[in-house]
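Shown next, in structure tokens, is the structure this report addresses.
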Amino acid sequence: MYLILFGAPGAGKGTQAKIISDKYGFEHISTGDILRESVRKGTPLGKKAHEIMSSGQLLPDDIMIGIIREKLSEPQLRDGFILDGFPRTVSQAEALDKLFGELNFGVGAVLVFQVDEEALVERLARRRACKNCNNIFSNNEIANLTECPKCGAQYSFFQRPDDDESVIRKRLKIFNDTTLPVVKYYDGLTDLHYINGLQPINVVSKLISDIVDELKERV
Ligand code: AMP
């Protein structure tokens, strides 16, 4: 079983992917996290990705499709997985369809998180990440804290370079121009659900859990 979480940067995909993968034992595949890990390790991919990510652009499709192809061949994915941040272009969606045709993952759904653009800019500009565990917090959640509430790392909070307001605006434009057409691609092709991403985190998780429970009945 698989879920594809789709939505603009800051719509809550990462937060929900973590909650739902913990609850159901699914693997959380975040292409952004995979790239940030490569940047941290200084691999050839990381060196290439760093500049592109910091400027808010997308990495080339062939690189991203290669990463996903490799990831999807891992055996633990048979228990279920969540894709967070992929596909981001129609070419990526087409390549993913092909891979799904080769590797049978059973039932799945695409969840589209909808959030008003100004709310996204505000949310992204306030968010901070933990260098150690990648969890995301709002800056008032961690005000006065020196220790990450999730992993205990000290002084590990930072603002991602791509969460700077000017970069956020660029990322949203790319989302509208290049990524949004993916929803049209999926319309009629797969089980598509629209979710209001401005609702409280637990309300969104409950909606997603209901979808997963319903999918499980179809297995
Ligand atoms: P995210 O954490 O999902 O917002 O991703 C952070 C950045 O990684 C994006 O702004 C892109 O530069 C890059 N990235 C992540 N996933 C993809 C993808 N599927 N295609 C192209 N670039 C990606």
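Since every read-out is calculated from the coordinates, none of them should be taken as a lab result. For clarity, every value in this text was computed on a predicted model and none was experimentally measured. Positions of Cβ are generated from backbone atoms using ideal geometry, with glycine treated the same way; all protein chains shown enter the neighbour counts.
Side notes on the structure shown:
- Only lysine pairs 8 or more places apart or on separate chains count here, and in region 21-168 those with Cα atoms under 24 Å apart total 13.
- For the chain, the longest principal axis of the Cα atoms and the long axis of helix 61-72 meet at an angle of about 70 degrees.
- In the chain, the DSSP-assigned H stretches of four residues or longer account for a calculated mean residue ellipticity at 222 nm of -14500 deg cm²/dmol, using -39500 (n - 2.57) per stretch and the full residue count as denominator.
- Max mean-square fluctuation residue, GNM over the chain, Cα-Cα springs under 10 Å, options Ala11, Ala143, Ala49: Ala143
- Computed from Cα atoms, the angle from the helix 117-126 axis to the main principal axis of the chain rounds to 50 degrees.
- Farthest positive-ward along region 2-218 dipole, Cα basis, beta-carbon charges - from Cys151, Ile34, Leu189: Cys151
- Between the helical axis of 165-174 and the longest alpha-carbon principal axis of the chain there is an angle of about 20 degrees.
- Charge sum, other residues only, whose C-beta stays under 12 Å from Phe86's C-beta, Lys/Arg counted +1 and Asp/Glu -1: +1
- According to the Cα-based calculation, Rg over Rh for the chain is 0.94, with Rh computed by the Kirkwood formula.
- Sequence-separation-based contact order of region 1-106, relative, with Cα cut under 8 Å and 6+ spacing, percent: 42
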